[in-house]
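Peer 1: Sharing a structure here in structure tokens format.
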Amino acid sequence: MAMMRIDKLVSQYGFGSRKEAKAIFKLGVVTVDGEVVTNPQMRVDPEISEVYVGDVLIEYEKYIYVMMNKPDGVISASYDEEEETVCDLLDESHQWHNLFPVGRLDKDTTGLIILTNDGGFAHRALSPKKHVEKVYVAKVDRELVEKDIKAFALGITLDDGYKTLPAVLEPMGELQARVIIKEGKFHQVKRMFEAIGASVTSLKRVTFAGIELDNDLTEGEFRRLNENEMNIISNLLSKD
Ligand code: URA
């Protein structure tokens, strides 16, 4: 791990904004390997040095994984000059980690998006070879019938001639269905419905790679992945 400024480290681990973290140093409560540090500009290697704020050990995490319930109207990007991004919705302590969204949801799609600073995970999760499963709930403008279920199961030919992998369509009531796909082409779900003569009126992702959206998260809220969800990530990373 590269050296980093100690005020940035302290801020990242929940001790307030960088400015607030700086003030903590004046109190003489920050120690590095047992020595009091008052200079917030000092550089440390958080993987090697033991940093304490009072009696709280700063446990360095190389990679951070967060799930967010993306609201409508927010774009899946780290930064944008005009539009609000999913990263803008993170709190200050998470903004320091340079998280980015794993893949994209359309601006008007809601639901589960994973944010991380682990490029290796993102690469694997998005690799077309991995066939990572995504589950969506789509509202549509016409009733879905047996023929539609069969068409999804066979794979749908999109407007550009690409034939999708077999997908699962499970109608839920009259104008709603769960859709399970194992790839992530541009606007894929909307285009699959267009190809069978239906229009998506709203789309929400509920599962990504076996990780389910936490129903306690309201739109715009996020939380760290829990232990079970982290095991799913580790399994995905360990597979070839
Ligand atoms: N398919 C879509 O059409 N849009 C999304 O945001 C995700 C999948």
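Peer 1: So which residues in segment 15-38 are surrounded by 15 or more Cβ atoms within 10 Å (Cβ to Cβ) and modelled with pLDDT of 90 or more?
Peer 2: Of everything in segment 15-38, those that are surrounded by 15 or more Cβ atoms within 10 Å (Cβ to Cβ) and modelled with pLDDT of 90 or more turn out to be I24, F25, V29, V30, T31, V32, V37.
Peer 1: Consider E219 carefully, then state whether it is more than 8 Å from the ligand (Cβ to nearest atom), under 18 Å from D108 (Cβ atoms), out of contact with any helix residue (DSSP H, G or I) (no Cβ under 7 Å at 6 or more places or on another chain) and in a loop (DSSP other than H, G, I, E, B).
Peer 2: On the way: more than 8 Å from the ligand (Cβ to nearest atom): yes; under 18 Å from D108 (Cβ atoms): yes; out of contact with any helix residue (DSSP H, G or I) (no Cβ under 7 Å at 6 or more places or on another chain): yes; in a loop (DSSP other than H, G, I, E, B): yes.
Yes; evaluated as a whole, the condition is true for this residue.
Peer 1: Could you grab me the full set of residues in segment 167-199 that are of a type in the set (A, V, I, L, M, F, W, C), more than 10 Å from the ligand (Cβ to nearest atom) and within 22 Å of I211 (Cα to Cα)?
Peer 2: Initial filter on segment 167-199 (of a type in the set (A, V, I, L, M, F, W, C)): 167-169, 172, 175, 177, 179-181, 186, 189, 192-193, 195-196, 198.
Pick out the ones that are also more than 10 Å from the ligand (Cβ to nearest atom) and you get 167-169, 172, 175, 177, 180, 195-196, 198.
The answer is A167, V168, L169, M172, A177, I180.
Peer 1: Which residues, taken from segment 46-67, are over 30 Å from A209 (Cβ atoms) and surrounded by 14 or more Cβ atoms within 10 Å (Cβ to Cβ)?
Peer 2: We begin by selecting, within segment 46-67, every residue over 30 Å from A209 (Cβ atoms); these are 48-57.
Residues satisfying the conditions are S49, E50, V51, Y52, V53.
Peer 1: Given the residues L144, L126, which is the only one that is hydrophobic (A, V, I, L, M, F, W, C), more than 30 Å from V66 (Cα to Cα), away from the ligand (no atom under 12 Å from the Cβ) and free of Cβ contacts under 8 Å to residues at least 60 places away in the same chain?
Peer 2: Numbers: L126 fails: more than 30 Å from V66 (Cα to Cα).
Residue meeting the stated conditions: L144.
The values are calculated or read from the model by the stated rules, or taken from the named source; none is laboratory data. All values derive from a computational prediction rather than experimental measurement. Please note: Cβ atoms are built from the backbone with ideal geometry, for glycine as well, and neighbour counts cover all protein chains shown.
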